[in-house]
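Below is one structure; the comments refer to it alone.
The values are calculated or read from the model by the stated rules, or taken from the named source; none is laboratory data. Bear in mind that the values here come from a model prediction, so they are computed numbers and not experimental data. Quick reminder, even Gly has a Cβ in these numbers, built from the backbone with ideal geometry, and neighbours come from all protein chains shown.
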Amino acid sequence: MTTQVASPRQQRDLAAQPSLWERVNKATVAMLGVTVALFIGFGVASPNFLTFGNMSNLATQVAITLIVAIAMTFVITTGQIDLSVGSTVAFVAAMTAELLQLGLDSSLVIVVGLLAGLFWGSVNGWLSAYQNIPPFIVTLAAMSIIRGFALLWTEGFSVPIDRRLFVAKIGEAEFLGFSALAWIALGTAVIGGILLSRMRFGRYVNGIGAQEESVRRAGVNTRRIKMITLMLTGLAAGAAGILTAARLGSGSANSAEGFELTVIAAVVLGGTNLFGGRGTIVGTVIGALITGMIANGLTLMGVSPFLTPIVTGLVLIAAIWINLRGRSLAQLVSHLTKRPT
Amino acid sequence: MSHESTDTWGGDRQGSVRQGSDGQSGDTLVTLEGITKSFGAVQSLRGVDLRLGPGEVLGLVGDNGAGKSTLMKVLSGAIRHDAGSITVGGKQVRFHSPADARAEHIGIVYQDLALCDTLDVASNLFLGREPRTGPFVDRAEMHRRAAEMLSTLHVRVRSTYQEIGELSGGQRQAVAIARAVSFQPKVLILDEPTAALAVAEVRQVLRMIREVAEQGVGVILITHRLQDLFEVCDRITVMYEGRSVDDAAIADLDIETLVAMITRSNTTTEEAA
C-alpha cells in the first residue's frame, strides 16, 4: 500500500478537460448529421432551398418554435413536461390584439403579454412543484383552460392589429438580412445556453432530472427550481404569443394549435433526454432547425401544406423512439405521470 | 465520563490517534447516553449508549431491525430522539435537522449515496456549493479542487469530468465519501459502504476509511460484513432489539464471539461456563 500523495502533475491530468468528442452529446452529433443530410437533400430537390432569401425565411419560421423550445429544454431536463405552451401562445396573441384594439400603448402591451405568460407558467409550476400534481396532468388541464379563456374573450374571432403600431412593426423588422424574430431567438438561445451549462441553476436542473433527492440533500430548494423552469416556458410562450401576433398582424385564440408538439419534438430531436438529467441547448437549436427545415423544404417542393402536421407527428414519434435509448414507452408514460416526491 | 477536555476541538487533527481498547482516555468526540425513540407504538430505540473518540473507527453491528440505522439518523439529525442525551465535544446538543448535525461537524454517507448520475465527478463533489466567478460556475477551479480532494484520499477515477453513471460501485462510494470528507467532519457515519462491491473495491473503500480516520476523524461504520470490522475497526458496539448490549475492542474478539454477540445466542451460557 502506498501512501504517497499524487504529484501536482497527476492532479492536473485528473482535472484535464477531455476532448470535444468525449464531451459532446452523441445524440446531438447524430442530429447534426441529419441536419446536414436534410440540407443537401432539399438543396438538390429544390433549387430555391439553399438561397440566402430562403435561409433568412427559414430562420424566421424557426424563431418562434426555438424561443419556446429553449425554455422547454429546461423543463424536460428536470424530468417534467409542459403541454400548455401552445395555448399560452394563443392566449397572449389574442390578448395582445385585444389590448391594442383597446388603445393601450405597444410597450405596455408587451409587458402585460410577458407577465400573462409568466402568470400561467407560475400556476403550472406551483401546482406541480408545490402541490405534487404530475406536470403532465397540470399542463394538460392548463392547455384546455388557457385556450378556453382566449376563446371566451375573442369569441373565436381573429382580432386585427393596426400595421402602424410598434408591435406590428416588430414582425416586419429586419437587421442584416434576418428578421427581428430570428435575432430574438438567437439571443434566447445564447442566454439559455449560458444558463444551462455555465451557471448553478443549470447544474441543478440537470441534477434534478437525474436524482432529485440527491440535489435536495445537497441543500438546494428543488421545488423552487422546478417551478422556475415552468415559469420560463410560460414567459417564453408569452414572448412567442406577442411575436406571433406581430408577425400575423392579428391575434387569434385558434393560433398555435399543436405547437407544443413541434416544440417538444425540437427539444427531443436535439438529444435532450425525455427522462431528464441531460439537456442540450445546441441540440435544441438543431432540433428546431430540423422541424422547421422539413416544413420549409416540403413547401418549396410543392407538397400540400396540410402534409406538414402529419410529417411533424411522424418526426416526433421517430425522435421519441430514438430518445428512449432502450427503455420502453410504458416507462416514459409512468415517468411523466408519476407524482413528484 | 469526563468532558473537561475541550481542547480536543482545538483543531489539532494531525497524526493518527488510535484509541486503546479501554477508550477511557478522555478524548471523546461524541457520547450518546440512554437514547430512546418510538414510532407510534413501536419502540425502535430502548436506551442506547455509544461513545466515539477522534481517529477511532467504531463498528456498529446488530441484526436487521436492531436500530442501527435509526440511531444513526438520530445522530445525523434526520430524526429527533425522545429521551437521552447527545454530547458532542463536551457540550450537550439536540438536533432538529440535518443542518444542525452538520453544524456540529457530523457527516453521513447514506447507502443510496446521494449522487447525480448524469453530472460529472467534480459537479457531484461540489453540488450545492459550486465555486463561482461572478454569476458563473468556475469549472476550471472546481475540477482543480476536485482533483486535489480525490488525490488526497487516493480515489482512483480516470478524470474529474467522468459522469457518475459511468463509475463502478466502488468508485461511486469513494466519491460519496470524499464529498462527505470535504465538509471536514469530525464524525463521519458510513451506512453499509461495502455492500454490493467487488472484492478489490471493498479493499479500496476500507483503506479510504482508515485514511480518513488517520486524519483524526471519528468514523462510525455500519456493516453486515463482519470481516470488514476486523480489517478497519478499533472497537465495536453491538445493538440488539433497540439496546446497545456490548462494547468491545476488536482485538479481544474473534468472528465466532462476534456472531454470538449479534445473535445473542448462548452468550449467557458461555459466560456462565
**Condition met for B:Asp112 (modelled with pLDDT of 90 or more, within 14 Å of chain A (Cβ to nearest Cβ), part of a loop (DSSP other than H, G, I, E, B) and closer than 25 Å to B:Met208 by Cα)** = no
**Prompt:** For segment A:132-250, list the helices (runs of 4 or more DSSP H) that sit wholly inside it and hold at least 3 residues that are out of contact with any helix residue (DSSP H, G or I) (no Cβ under 8 Å at 6 or more places or on another chain) and more than 14 Å from chain B (Cβ to nearest Cβ); which are they?
**Reply:** A:135-154, A:180-198
**Asked** Of everything in segment A:74-131 that's outside any helix (DSSP H, G or I) and of a type in the set (D, E, K, R), which residue is surrounded by the fewest Cβ atoms within 10 Å (Cβ to Cβ)?
**Response** A:Asp105
**Prompt:** Would it be correct to say that A:Val62 is more than 14 Å from chain B (Cβ to nearest Cβ), more than 19 Å from the chain's Cα centre (by Cα) and either of a type outside the set (A, V, I, L, M, F, W, C) or outside any loop (DSSP other than H, G, I, E, B) (or both)?
**Reply:** no
**Prompt:** How many residues are surrounded by 16 or more Cβ atoms within 10 Å (Cβ to Cβ), facing another protein chain (nearest Cβ under 7 Å) and out of contact with any strand residue (DSSP E or B) (no Cβ under 7 Å at 6 or more places or on another chain) when one looks only at segment B:129-140?
**Reply:** 1
**Asked** Looking at segment B:70-109, which of its residues are part of a strand (DSSP E or B) and either under 15 Å from the mean Cα position of the chain (by Cα) or among the β-branched types (Val, Ile, Thr) (or both)?
**Response** B:Ile86, B:Thr87, B:Val88, B:Val93, B:Ile106, B:Gly107, B:Ile108, B:Val109
**Complete:** Condition set in a loop (DSSP other than H, G, I, E, B) and within 8 Å of another protein chain (Cβ to nearest Cβ), scope segment A:4-37, selection modelled with the lowest pLDDT: answer is A:Val5
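Tally the residues that are under 24 Å from B:Ala196 (Cβ atoms), facing chain A (nearest Cβ under 9 Å) and small (Gly, Ala, Ser), restricting the search to segment B:141-169.
1
For segment A:248-265, name all the residues that are closer than 20 Å to A:Ser106 by Cα and in contact with a Ser or Thr (Cβ under 8 Å, 6 or more places away or on another chain).
If the condition is that a residue be closer than 20 Å to A:Ser106 by Cα and in contact with a Ser or Thr (Cβ under 8 Å, 6 or more places away or on another chain), then A:Leu248, A:Ser250, A:Gly251, A:Ser252, A:Ala253 are the ones that fit.
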**Prompt:** Looking at this structure, is A:Gly193 of a type outside the set (A, V, I, L, M, F, W, C), loosely packed, with under 14 Cβ neighbours inside 10 Å, modelled with pLDDT of 95 or more and within 30 Å of A:Thr222 (Cβ to Cβ)?
**Reply:** no
**Item:** Candidate set: segment B:159-177, residues that are of a type outside the set (S, T, N, Q), farther than 21 Å from B:Glu211 by Cα and surrounded by fewer than 23 Cβ atoms within 10 Å (Cβ to Cβ); chosen: the one farthest from the chain's Cα centre (by Cα)
**Value:** B:Tyr161
**Prompt:** If you check A:Ala150, A:Ala129, which single one turns out to be closer than 27 Å to A:Ser106 by Cα and out of contact with any Gly (no Cβ under 7 Å at 6 or more places or on another chain)?
**Reply:** A:Ala150
